[in-house]
Every structure is written in structure tokens, then in C-alpha cells.
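The values are calculated or read from the model by the stated rules, or taken from the named source; none is laboratory data. It should be emphasised that the depicted structure is a prediction, and the values quoted were computed from it without experimental measurement. Every residue, glycine among them, receives a Cβ derived from its backbone with ideal geometry; neighbour counts consider all protein chains shown.
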Amino acid sequence: MARLIDLSIDSDQVIQHLKHEVKLKTVYQSILCKQIIEKASQERGITVEPEEVQAEADQFRYDHKLESASQTLEWLEDNLLTPDDWEAGIYDQLLKKKLADSLFGKQIEAYFAQSKVQYEQAVLYRILVPYSALAQEIFYQVEEEEISFFEAAHLYNIDEYRRLACGFEGKVSRWQLKPDVAAYVFGAHPREVIGPIQSGHDFELLMVEEFIPAELTNDVRQQISSQLFDEWLESELNHLVYSQ
């Protein structure tokens, strides 16, 4: 039973809430995935040592500035966790990572070589506005050098974060963009204005600051590993569910 302030919540109430919010199936599938990971890890002799859990916990505390035991306990209590709950969660994450490395660690370089183009990156700026006519007018103004792309982004962008950042979107990989948008972006020249492109009910203009060639960095390794593992896990889950 969880207790929050002066209210008590039992497991039946949690289950009923998940049903009412149509989230019970998601939780059910998550539990099945945990069982699949545990079974596959056991079959491969994969284990997680207490020292590994402790090291991960220490890193978490450092990253979240939980500098004392009392601060950590306060954080655990605020999240309705016991120290054992927390360590069990860390154990599960480490086991999942080790299993992914065991299954797909040797396939990452080959996968990257086959899909290298998808990991090309562009440093992208974006202006999002609500009307096609306004997007077209901004396009003409920037093309005629009546205003810079950055000034226009700061004046017209309806996305507050991008408006304050003068349109800066950041580094974007080809795979993160819709295919048609990716074709526009990676077919453009640096500082060329792209668009207007319809985005839902709004319209956007794009500009590439620079292109970054694909490189198998640690982040890309992790992305590929996670993708391959998620695909494997979904396949295993479907097999388990539909074979019953």
C-alpha cells in the first residue's frame, strides 16, 4: 500500500485507475518484457553483480546531486520507493543493457555500415508559423536579405523555445526526420532556406548551418543497440502473446 500525504492507495485502486486510463495493457506488456529479458539472460548466463548496481547508483546520485544519504532517502520517499525498490530497478536496467550487448554488440558495426546514410547529421534551424502566406512572406524576405533567418525566427516563431534560440533546432540525424523532409534538408546547401513545408496545421521554414558526416560514436552505438534490441523484444513479446 502506498501512502501519499494522508491518503492511502492500495493495489486494487492502482489497477482500476490503469484500466480507466486505458494503460493497463501497456503495464502488462512491460511486465512480460521484463520476464522475457530475465529468461533470455538466464539462458545466456548473464548476471549483474552487486558492485555494478552500487556503481550505477552512485553515478545516479552524482548526476542528480543527491550528495548525502538523507537527500537520497528523501528522493526515494518522494518517488514512493524503498532502497530495495531502487536497486531492483537499477538491476533490471543493467541486465537489459548486458543482454542487448550480448545479442547485438557484434552486429552494430555491420548495421552502421549498411545504414550509414541515416546517421548523417545536419545542424538545423527552424521557423514554425501558423499560416502558409506568412511562411511564404518570410521566405521572400530572407531570400531578398530584408531580414536574416535568425531575426525572422526570433520575431515570428510560434515555438517559444526556438523563438528565444533564434530558430536553433540542434543536430538532427536523417533518420529522425520524415523521409520527404530529410530529402529537402540533405539535398540543400548550407544557409539555403528550405520551405515552406506543412507541418501538421502549421508551416515551417528550415535552414541548415552545416552537415556532419556519419560517424559511429558511442551515442550512435547506443541508438543502434537500442533499436535492434527493441525490435527483438517486440518480436519475442508478440510470439509469447500470440502463441498462448
Quiz item: Residue check, Gly167 against (1) more than 30 Å from Gln29 (Cβ to Cβ); (2) surrounded by fewer than 19 Cβ atoms within 10 Å (Cβ to Cβ), all met but one. Which one?
Solution: (2)
Quiz item: Can you tell me which residues in the range 194-212 are surrounded by 15 or more Cβ atoms within 10 Å (Cβ to Cβ) and among the aromatic types (Phe, Trp, Tyr)?
Solution: Phe203
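One line per residue, one yes/no per condition, for (1) under 26 Å from Val241 (Cα atoms); (2) of a type outside the set (S, T, N, Q); (3) at pLDDT below 95; (4) more than 26 Å from the chain's Cα centre (by Cα):
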{"residue": "Leu4", "(1), (2), (3), (4)": "no, yes, yes, yes"}
{"residue": "Leu7", "(1), (2), (3), (4)": "no, yes, yes, yes"}
{"residue": "His17", "(1), (2), (3), (4)": "yes, yes, yes, yes"}
{"residue": "Leu80", "(1), (2), (3), (4)": "no, yes, yes, no"}
Quiz item: Only one of Lys106, Lys97 is buried (at least 16 other Cβ atoms within 10 Å of the Cβ) and either among the charged types (D, E, K, R) or under 27 Å from Asp230 (Cα atoms) (or both); which?
Solution: Lys97
Quiz item: Just a yes or no: is a residue in the range 182-193 without any contact (Cβ under 8 Å) to a residue 24 or more places away in the chain, within 12 Å of Met207 (Cβ to Cβ) and surrounded by 15 or more Cβ atoms within 10 Å (Cβ to Cβ)?
Solution: yes
Exercise. Could you check Gln121 against (1) under 30 Å from Glu43 (Cβ atoms); (2) surrounded by 15 or more Cβ atoms within 10 Å (Cβ to Cβ) and say which number it fails?
Key: (1)
Exercise. Identify, from the list Glu160, Glu169, Glu145, the residue that is in contact (Cβ under 8 Å) with a residue 12 or more places away in the chain, in the same structural domain as Ala188 (by TED's automatic domain parsing) and either of a type in the set (D, E, K, R) or closer than 30 Å to Arg44 by Cβ (or both).
Key: Glu169
Quiz prompt | Any hit, the range 208-217, residues being part of a loop (DSSP other than H, G, I, E, B) and hydrophobic (A, V, I, L, M, F, W, C) | solution = yes
Quiz item: Does Arg163 satisfy the condition of being closer than 30 Å to Leu32 by Cβ and of a type in the set (Lys, Arg)?
Solution: no
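Residue by residue, here is whether (1) assigned to a helix (DSSP H, G or I); (2) touching a Phe, Trp or Tyr at 6+ places or on another chain (Cβ under 9 Å) holds:
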{"site": "Thr72", "(1), (2)": "yes, yes"}
{"site": "Glu87", "(1), (2)": "yes, no"}
{"site": "Ile90", "(1), (2)": "yes, yes"}
{"site": "Lys106", "(1), (2)": "no, no"}
Practice problem: Collect the residues in the range 41-94 that are polar (S, T, N, Q) and touching a Ser or Thr at 6+ places or on another chain (Cβ under 9 Å), keeping them in residue-number order. | Solution: Ser41, Thr47
Quiz item: Does Tyr156 fit the bill of being more than 30 Å from Ser225 (Cα to Cα) and in contact with a helix residue (DSSP H, G or I) (Cβ under 8 Å, 6 or more places away or on another chain)?
Solution: yes
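Here's the yes/no breakdown for (1) at pLDDT 95 or above; (2) under 26 Å from Tyr131 (Cβ atoms); (3) not charged (D, E, K, R):
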residue	(1), (2), (3)
Arg162	no, yes, no
Gly170	no, yes, yes
Ile212	no, no, yes
Gln222	no, no, yes
Practice problem: Kindly check whether there is at least one residue in the range 69-83 that is of a type in the set (A, V, I, L, M, F, W, C), surrounded by 16 or more Cβ atoms within 10 Å (Cβ to Cβ) and touching a residue at least 12 places away in the same chain (Cβ under 8 Å). | Solution: no
